Amino acid sequence: MPSSSPPPALEGIRVLDFASVGPAARCSRILADYGAEVIKLSPPPKHGAKQIQPPFHSYGAGRGFKRAQLDLKASEGREAFLRLATGADVVIESFRPGVVDRLGIGYSAVSGANDRIIYCSTSGYGQSGPSSLRAGHDLNYLALGGYLGCTTPRGDGGPPIPGATVADSAAGGMHAAIAILAAVVRRATTGVGEYLDVSVADGVVQLMSLHIDGYLATGVEPGPGSDILTGRYACYDSYRTADGKWMSVGAIEPPFFVNLCRALGCDQWIERQTDDSCQDEMRADFARAFETRTLAEWVEVFAKVDTCIAPVHTIADLVDDPQLDSRGLFTEAEHPEHGRFRQVGPALAGMSRPQEPVAVRDAAQTDTDELLIEAGLSTEAVAAMREQGVIA
């Protein structure tokens, strides 16, 4: 591996982000970890107003974010935002469709001031279509996009509740980040920005494309247990160990399956990996074999076997896993009230490592004055905006 890291890939890119939670917040976290300067925009706190404030440790708090508070319903707040947008590269918003235009901060207004702007609207169902104004959350998008329908049901036959916000994180956040990065590359050629309509539900369809394309091509509808990736065969499943923990098995390719069978003492199944007539019996034999050792013992056994297995970690397990720890996936952070804690650090390839410990500021601390003065407002104008309640 190279001895020194290259400069951050997005160094010099400024992002204005209206989102406090959800897919857009995950997108800005990704961009910040690639070196972009992300300015989190929010309204000034008002008495009795309900505003979403994520926990102090959420979304990699403290890494590469600046904060500004603006009342966008006030003309002075809108003008201040447009000043900031003039010097920005990207705007990310997650209001319901139509809201930013009514506020006077939509793509047409921003691109009129800065034609290089890349304006990314993230929403559950997109900016158009019969469901576009519908409220939703991660579970709803996974339901609509087929993810839940292809997942092994719970005991009562209903779709399960996933253990992670797959739609928000991948179908939304990563979807938006990829689209923005592609637009940044395209702008280098065209010299102008563009508008991006990122739908989380669309992103789930993309995640499910392997199954959807199969159905469209063959007419055979996939579902739980319909193929090798949804539980049809014993070689792709999870098994309980002697200490009540679980081991995942993904021995799809025949050589890996042969090695699995031999390690379990189940050589009788080597030639019948995809024989539908014996899968229940094969599973039962695998289950009995796995129950003869603890998870730690099986991990040691399989360390010497070329097959596809991994322990089913709890969150408490994975933060101490030697493989993950060796990859430098965790970093130290420090909050003035909550003290020092670990958090998931920049984890994707090519991201920049932060200096440790990462200083996590109190949510009430902002960079509003500094940013507005940098954008060309006078100190007197900023003071007047504070007096009027336009900024906190």
Mind listing whichever residues of the range 139-159 are closer than 25 Å to G126 by Cα and open to solvent by less than 30 Å² (accessible area, probe 1.4 Å)?
Y141, L142, G145, G146, L148, C150
Kindly indicate whether I30 is closer than 28 Å to H335 by Cβ and open to solvent by 50 Å² or more (accessible area, probe 1.4 Å).
no
For the range 118-138, check the following and say yes or no: at least one residue is charged (D, E, K, R) and over 26 Å from M174 (Cβ atoms).
no
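Specify which of the listed residues (V204, V198) is open to solvent by less than 30 Å² (accessible area, probe 1.4 Å), in contact (Cβ under 8 Å) with a residue 60 or more places away in the chain, assigned to a helix (DSSP H, G or I) and within 30 Å of G145 (Cβ to Cβ).
Details: V198 fails: assigned to a helix (DSSP H, G or I).
That would be V204, the only listed residue that is open to solvent by less than 30 Å² (accessible area, probe 1.4 Å), in contact (Cβ under 8 Å) with a residue 60 or more places away in the chain, assigned to a helix (DSSP H, G or I) and within 30 Å of G145 (Cβ to Cβ).
Answer yes or no: is there a residue in the range 335-353 that is of a type in the set (S, T, Y), open to solvent by less than 60 Å² (accessible area, probe 1.4 Å) and part of a strand (DSSP E or B).
no
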So which pairs qualify, if the first residue must be in the range 251-277 and more than 20 Å from V301 (Cα to Cα), the second must be in a helix (DSSP H, G or I) and open to solvent by 30 Å² or more (accessible area, probe 1.4 Å), the Cβ gap must be under 7 Å, and the two must be at least 6 apart or on different chains?
Q273/P254
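Here is a yes/no grid of residues against (1) touching a Leu at 6+ places or on another chain (Cβ under 6 Å); (2) charged (D, E, K, R):
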{"position": "A289", "(1), (2)": "yes, no"}
{"position": "D325", "(1), (2)": "no, yes"}
{"position": "R353", "(1), (2)": "no, yes"}
{"position": "L371", "(1), (2)": "no, no"}
{"position": "A384", "(1), (2)": "no, no"}
Quick one: which residue in D101, D89 is open to solvent by 70 Å² or more (accessible area, probe 1.4 Å), modelled with pLDDT of 95 or more and farther than 30 Å from V220 by Cβ?
D101
So A61 ticks every box in (1) within 21 Å of V90 (Cβ to Cβ); (2) at pLDDT 95 or above but one. Which box is left unticked?
(2)
Restricted to the range 46-74 and to residues being open to solvent by 50 Å² or more (accessible area, probe 1.4 Å) and more than 27 Å from the chain's Cα centre (by Cα), the residue nearest to P6 (Cα to Cα) is K73
Answer with yes or no whether G328 is touching a residue at least 24 places away in the same chain (Cβ under 8 Å), in contact with a helix residue (DSSP H, G or I) (Cβ under 7 Å, 6 or more places away or on another chain), in a loop (DSSP other than H, G, I, E, B) and of a type outside the set (A, V, I, L, M, F, W, C).
no
Filter the range 375-385 for residues that are loosely packed, with under 14 Cβ neighbours inside 10 Å and touching a residue at least 40 places away in the same chain (Cβ under 8 Å) and give the result.
G376
Can you name the number of the only condition in (1) open to solvent by 30 Å² or more (accessible area, probe 1.4 Å); (2) closer than 30 Å to V91 by Cβ that R187 fails?
(1)
Quick test of your reading of the structure: G163 fulfils all but one of (1) under 30 Å from G77 (Cα atoms); (2) open to solvent by 60 Å² or more (accessible area, probe 1.4 Å); (3) out of contact with any helix residue (DSSP H, G or I) (no Cβ under 9 Å at 6 or more places or on another chain); (4) not acidic (D, E). Name the failing condition by number.
(1)
Expected output for the range 213-235 (first residue touching a residue at least 60 places away in the same chain (Cβ under 8 Å) and assigned to a loop (DSSP other than H, G, I, E, B), partner of a type in the set (G, A, S) and surrounded by 15 or more Cβ atoms within 10 Å (Cβ to Cβ), Cβ below 8 Å, 6+ apart or cross-chain) is P222/G214; G223/G149; P224/G231; G225/G231
Those residues of the range 190-247 which are farther than 30 Å from V258 by Cβ, among the hydrophobic types (A, V, I, L, M, F, W, C) and under 25 Å from the mean Cα position of the chain (by Cα) amount to L196, V198, V200, A201, V204, V205, L207, M208, I212
Any residue that is open to solvent by less than 30 Å² (accessible area, probe 1.4 Å), in a helix (DSSP H, G or I) and modelled with pLDDT of 95 or more - is there at least one of those in the range 301-314?
yes
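The values are calculated or read from the model by the stated rules, or taken from the named source; none is laboratory data. Model, not experiment: these values are computed from the prediction. Heads up, the Cβs are rebuilt from the backbone with ideal geometry, glycines too, and the neighbour counts pull from every protein chain shown. For the accessible areas, the whole protein counts, side chains as well, though only heavy atoms, and no ligand, DNA or RNA atoms are used. Shrake-Rupley method; radii C 1.70, N 1.55, O 1.52, S 1.80 Å.
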